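This report concerns only the one structure given below.
The values are calculated or read from the model by the stated rules, or taken from the named source; none is laboratory data. Bear in mind that the values here come from a model prediction, so they are computed numbers and not experimental data. Note that each Cβ is placed from the backbone with ideal geometry, even for glycine, and that neighbours are counted across all protein chains shown. The protein model used for the area step is the full one, side chains on, heavy atoms only, and it has no ligands, DNA or RNA in it. Shrake-Rupley method; radii C 1.70, N 1.55, O 1.52, S 1.80 Å.
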Amino acid sequence: MKKVQDLEAAQALAQSERKRQELNRQVTVQRKEKDFQGMLEYHKEDEALLIRNLVTELKPQVLAGAVPCLPAYILYMCLRHADYVNDDLKVHSLLTSTINGIKKVLKKHNEDFEMTSFWLSNTCRLLHCLKQYSGDEGFMTQNTAKQNEHCLKNFDLTEYRQVLSDLSIQIYQQLIKIAEGLLQPMIVSAMLENESIQGLSGVKPTGYRKRTSSMPEGDNSYCLEAIIRQMNSFHTVMCDQGLDPEIILQVFRQLFYMINAVTLNNLLLRKDVCSWSTGMQLRYNISQLEEWLRGRNLHQSGAVETMEPLIQAAQLLQLKKKSPEDAEAICSLCTALSTQQIVKILNLYTPLNEFEERVTVAFIRTIQAQLQDRNDPQQLLLDFKHMFPVLFPFNPSSLTMDSIHIPACLNLEFLNEV
């Protein structure tokens with residue numbers, strides 16, 4: 001009987017001890033959450049290690065599944081502590097080292113789309129943080145009371161915001177250059193030469209039927225699906241890395257402009273593709289690209305509008321080209337093409353067979369007469385390297401700094417939560 005009582009007493013004591021430990025654990029967790037103010041402290045001598053682990057040697061894949069733009073948030077939390085203790089040298093040194101570190105990464109990975117997109121996302125997010133937590137009321141309209149507690153107290157970093165803005169533009173331009181480099185080899189083959197509508201090869205112009213591609217068969221021949229796969233890849237990377245939606249829209253507007261310019265320039269220089277069947281092929285390919293934009297919710301980007309010259313060129317290849325009424329229809333439709341471009345396409349136009357007549361000199365003169373008052377640019381070809389100015393609208397985050405978790409894989413154990 002005594003043994004049973006002893007056992008019960010021991011069990012009660014163990015249960016009471018467990019409850020006490022659980023209570024202590026809960027208290028500890030609650031105190032930690034209450035105390036952490038969303039700042040990170042580090043010793044000055046650890047700055048180089050911070051930049052190395054968080055910027056220059058960081059691989060984006062390591063942070064798959066983490067909060068997008070995590071490095072930007074961590075850097076801001078470090079800055080905020082330096083501001084909190086009123087250490088202007090530390091603020092200056094950290095921002096300078098960060099900017100130099102990002103430049104170093106971009107120079108090393110100047111052909112890597114994923115790395116460039118990653119640092120565009122993070123540079124823009126750091127810029128947004130410096131605005132959102134600047135204490136400037138214009139940037140605080142969407143902040144919660146908790147977020148307003150995380151504002152900078154001592155320093156005005158407006159000049160650094162300008163430096164980060166300039167850096168963001170450079171990174172964006174590098175991103176576009178890489179994307180264009182990947183897409184450009186595919187464009188002519190996919191848009192003008194590959195048979196995406198089955199059976200159209202039978203209606204190629206006389207004398208050109210055997211020429212289905214200007215490139216050798218194999219690796220250099222691309223279909224439209226290759227372009228769409230590549231753009232899917234770009235879109236997935238940018239979305240996963242938390243790049244602002246407004247910037248993603250501008251990326252695709254720029255890429256669609258290049259597809260338009262490269263395709264149209266080739267059309268204006270090649271007799272073998274100036275035919276009714278190419279017009280039909282082009283219209284189909286453009287409709288597929290438009291459908292892709294709608295499917296990714298990118299149709300508001302202005303991308304389709306950049307393709308208007310190519311859309312009109314495709315229609316011009318399919319319109320009748322005989323009567324004065326036909327000439328009038330062409331002039332009223334082809335507003336995005338210059339007179340020079342319209343005339344060039346008509347001169348190059350190749351009949352499908354012996355039953356279709358060539359475009360007559362008289363018809364082309366009628367067109368020129370009707371369009372003589374147009375104030376057209378002089379050059380025939382489009383500048384396919386033209387770049388639209390990029391805008392980075394302010395995009396505040398709903399995250400609070402004290403909710404951000406730093407994963408062990410970043411090797412930042414030397415940072416102390418404050």
Query raised in the report: Looking at segment 282-305, which of its residues are in a helix (DSSP H, G or I), surrounded by 14 or more Cβ atoms within 10 Å (Cβ to Cβ), in contact (Cβ under 8 Å) with a residue 12 or more places away in the chain and under 17 Å from the mean Cα position of the chain (by Cα)?
Result: LEU289, TRP292, LEU293, SER301, ALA303, VAL304
Report summary line: Quick count over segment 356-375, residues being assigned to a helix (DSSP H, G or I) and exposed (fewer than 13 other Cβ atoms within 10 Å of the Cβ), is 4
Query raised in the report: What about LEU249, is it open to solvent by less than 10 Å² (accessible area, probe 1.4 Å), more than 17 Å from GLN184 (Cβ to Cβ) and assigned to a helix (DSSP H, G or I)?
Result: no
Query - Count of residues meeting criterion [under 23 Å from GLN162 (Cα atoms) and surrounded by fewer than 18 Cβ atoms within 10 Å (Cβ to Cβ)] in segment 98-109 - result: 4
Query raised in the report: Within segment 323-355, which residues are open to solvent by 40 Å² or more (accessible area, probe 1.4 Å) and at pLDDT below 95?
Result: ASN353, GLU354, PHE355
Requested in this report: Just name the residue that is farthest from ILE227 (Cα to Cα) out of those in segment 178-198 that are among the polar types (S, T, N, Q) and open to solvent by less than 40 Å² (accessible area, probe 1.4 Å).
Outcome: SER196
Query raised in the report: Looking at HIS386, HIS405, which one is closer than 30 Å to LEU130 by Cβ and open to solvent by 60 Å² or more (accessible area, probe 1.4 Å)?
Result: HIS405
Query raised in the report: Is there any pair linking a residue in segment 106-126 that is touching a residue at least 24 places away in the same chain (Cβ under 8 Å) and of a type in the set (Lys, Arg) to one that is crowded, with 24+ Cβ neighbours inside 10 Å and not in a helix (DSSP H, G or I), with Cβ under 6 Å and at least six apart or on different chains, and which?
Result: ARG125/CYS69
Query raised in the report: So is GLN132 in contact with a Leu (Cβ under 9 Å, 6 or more places away or on another chain), at pLDDT 95 or above and open to solvent by less than 70 Å² (accessible area, probe 1.4 Å) or not?
Result: no
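Residues checked against (1) modelled with pLDDT of 60 or more; (2) open to solvent by less than 90 Å² (accessible area, probe 1.4 Å); (3) under 22 Å from the mean Cα position of the chain (by Cα); (4) within 30 Å of THR123 (Cβ to Cβ):
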| site | (1), (2), (3), (4) |
| --- | --- |
| GLU17 | no, yes, no, no |
| ARG31 | no, no, no, no |
| PHE36 | yes, yes, no, yes |
| LYS44 | yes, no, no, yes |
| GLU47 | yes, yes, no, yes |
| ILE51 | yes, yes, no, yes |
| VAL55 | yes, yes, yes, yes |
| VAL62 | yes, yes, yes, yes |
| ALA66 | yes, yes, yes, yes |
